[in-house]
1. Taking segment 356-386 on its own, how many of its residues are within 20 Å of the chain's Cα centre (by Cα), among the basic types (Lys, Arg) and over 16 Å from LEU296 (Cβ atoms)?
2. When you go through (1) over 23 Å from GLN57 (Cα atoms); (2) within 16 Å of the ligand (Cβ to nearest atom); (3) in contact (Cβ under 8 Å) with a residue 24 or more places away in the chain; (4) not polar (S, T, N, Q) one by one for LYS310, which number turns out not to apply?
3. From the list GLY166, GLY118, GLY199, pick out the single residue that is farther than 22 Å from TRP226 by Cα and more than 16 Å from the ligand (Cβ to nearest atom).
4. When you go through TRP226, TRP178 one by one, which is the residue that is within 26 Å of PHE335 (Cβ to Cβ), at pLDDT 95 or above and either crowded, with 23+ Cβ neighbours inside 10 Å or within 16 Å of the ligand (Cβ to nearest atom) (or both)?
5. Would you check if there is a residue in segment 389-398 being in a loop (DSSP other than H, G, I, E, B), touching an Asp or Glu at 6+ places or on another chain (Cβ under 7 Å) and in the same structural domain as ALA432 (by TED's automatic domain parsing)?
6. Show the residue pairs that are 6+ apart or on different chains and have beta-carbon atoms under 6 Å apart, the first residue being within segment 74-91 and over 17 Å from ALA133 (Cα atoms), the second being of a type in the set (A, V, I, L, M) and in a loop (DSSP other than H, G, I, E, B).
7. Within segment 250-269, identify whether any single residue is among the small types (Gly, Ala, Ser), out of contact with any strand residue (DSSP E or B) (no Cβ under 7 Å at 6 or more places or on another chain), closer than 15 Å to GLY292 by Cβ and part of a loop (DSSP other than H, G, I, E, B), and answer yes or no.
8. Considering only residues that are aliphatic (A, V, I, L, M), under 28 Å from LEU255 (Cβ atoms) and not in a helix (DSSP H, G or I), which ones fall in segment 169-216?
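The values are calculated or read from the model by the stated rules, or taken from the named source; none is laboratory data. These numbers were taken from a predicted model, which means no experiment stands behind them. Positions of Cβ are backbone-derived with ideal geometry, glycine not excepted, and every protein chain shown enters the neighbour counts.
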Amino acid sequence: MRSRRYLLVLSVVLLVIQAGASRFFVQAQAGQAVPAGTAPAAGASYTPTAGNLAARQWFQDSKFGLFVHWGVYSVLGDGEWVMNNKKMTIAEYEKLPPEFNPTAFNAAEWVSMAKAAGMKYITITSKHHDGFAIFDSKTSDYDIVDRTPYKKDILKMLAEECRKQGVRLFFYHSHLDWHHPDYYPLGRTGHASGREAKGDWYRYLDYMDSQLRELCSNYGEIGGIWFDGWWDKPNADWRLDKTYKLIHDLQPKALIGNNHHRKPFAGEDFQMFEKDLPGANTAGFNAESEIGSLPLETCETINKSWGYSKSDKSFKSHKELLHYLIRAAGHNANFLLNIGPMPDGKIQPEFVQQLKSMGEWLNQNGDSIYGTRGGPVTPRPWGVTTQRGRKIYFHILDWQDTLLPLPKMPGIIRSAKFLKTGRKVDIIDTGAGLVFNLPKEALDPIDTIVVLEM
Ligand code: H79
């Protein structure tokens with residue numbers, strides 16, 4: 001009896017110690033990669049391979065990727081939703097591919113630009129909601145090789161270049177399809193396309209799987225598939241189990257994410273948040289979204305458009321985009337920053353410039369971003385923390401005073417320095433918490449980074 005009580009007390013003490021330590025050193029944040037060998041909560045019927053789990057770690061370490069929305073819609077320069085928004089019929093829209101001839105496309109330049117921006121992966125639209133494939137698909141002739149004067153497989157060129165330059169390539173693939181005759185019954189969008197009111201839903205799913213088989217077979221090892229458009233028919237039988245199995249069987253390391261705006265489904269490997277930091281719902285897409293336990297990503301545009309827009313001049317500032325990247329890292333999430341290339345294959349100068357300056361900042365400050373996870377102090381209005389091993393980075397983004405009060409830090413602080421200058425930071429320990437003393441001249445207009453070494 002006595003020994004049982006002793007054991008009980010001992011295990012409670014151990015649990016308390018463990019809880020305290022994990023709160024500080026590996027803050028149990030949503031999105032922390034699951035250690036190798038354990039299955040994620042999201043997928044009871046899905047056990048990711050060791051390679052897949054390693055790819056999740058790589059993904060979380062990488063932090064920054066390039067999103068590319070490119071298709072025949074770029075010809076009109078009015079975004080990727082133009083077919084739906086301008087109520088174009090299929091017959092009208094089919095006039096675009098013959099005008100799509102991106103002779104100035106240069107895969108090496110794109111990949112070098114992404115690398116110089118500090119990006120570690122590229123996610124490009126293989127097929128958007130318009131249904132047009134910018135790769136060589138044998139499943140259908142509604143693709144770049146069969147319908148455009150360009151006749152070349154963009155994804156092939158990009159995949160080869162990415163391999164050469166050590167950048168991973170993901171494909172964005174749309175579930176929703178405004179063009180395919182078997183995408184029926186229609187969902188919430190694409191009602192003005194003039195299609196016949198009939199179609200075989202499961203034949204459409206076979207078609208989609210067949211294109212995904214091509215994407216998983218003809219481009220070497222891919223980073224993953226980024227699905228979108230599920231929300232067009234949230235009550236449909238999407239047969240996701242079959243589709244996810246196909247992808248995982250062909251590409252065991254590939255990461256599947258689905259922008260369905262819900263908690264992750266079984267078989268998914270990461271979770272994305274469109275135009276929002278995880279947990280926020282400023283854009284209105286994430287009302288029903290719930291943070292799961294998978295690696296996280298958020299995506300955003302430089303102006304307001306995903307696909308190329310001739311008229312959209314509402315460019316975000318360098319500071320806004322950097323703050324988004326830094327806040328995402330503090331939320332334990334990656335940032336996928338979008339560009340919509342022009343119909344000739346060039347990238348508009350505003351985007352090129354923006355990416356260049358992101359890269360310059362990361363060159364100086366990348367230590368506080370790459371390979372980190374969300375730090376011990378949860379995101380605050382003044383900024384965020386990131387952490388790698390015993391180093392904790394305080395990113396002070398919005399603070400006007402000399403003294404910054406902070407919560408108590410369990411553990412001994414061995415050193416505290418400004419990342420930029422290496423100068424020591426004065427810290428006052430009030431007993432109830434810490435106060436950073438930040439002299440005016442040490443404040444950086446973008447991000448004042450203090451590194452604590454524990
Ligand atoms: O590819 C980019 C966009 O084209 C695509 N996702 C990014 C990455 C996208 N655009 N909008 N959306 C996704 C969400 C669309 C929501 C809406 Fe609706 C469609 C609002 C109204 C129509 C979904 C369907 C919510 C209500 C009906």
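1. 1
2. Checking LYS310 against (1) over 23 Å from GLN57 (Cα atoms); (2) within 16 Å of the ligand (Cβ to nearest atom); (3) in contact (Cβ under 8 Å) with a residue 24 or more places away in the chain; (4) not polar (S, T, N, Q), the one that fails is (2).
3. On the way: GLY166 fails: farther than 22 Å from TRP226 by Cα; GLY118 fails: farther than 22 Å from TRP226 by Cα.
Selected residue: GLY199, the only one of GLY166, GLY118, GLY199 that is farther than 22 Å from TRP226 by Cα and more than 16 Å from the ligand (Cβ to nearest atom).
4. Numbers: TRP178 fails: within 26 Å of PHE335 (Cβ to Cβ).
Unique residue meeting the criteria: TRP226.
5. Yes, there is a match, as at least one residue in segment 389-398 is in a loop (DSSP other than H, G, I, E, B), touching an Asp or Glu at 6+ places or on another chain (Cβ under 7 Å) and in the same structural domain as ALA432 (by TED's automatic domain parsing).
6. Close Cβ pairs (under 6 Å, with a partner that is of a type in the set (A, V, I, L, M) and in a loop (DSSP other than H, G, I, E, B)) amount to LYS87/ALA192.
7. Just the residues of segment 250-269 that are among the small types (Gly, Ala, Ser), to begin with: 254, 257, 266-267.
Pick out the ones that are also out of contact with any strand residue (DSSP E or B) (no Cβ under 7 Å at 6 or more places or on another chain) and you get 266.
Then drop every residue that is not closer than 15 Å to GLY292 by Cβ, which leaves 266.
Filter once more, keeping what is part of a loop (DSSP other than H, G, I, E, B): 266.
Yes, the conditions are met somewhere in segment 250-269.
8. Listed by number, the residues that qualify are LEU169, LEU176.
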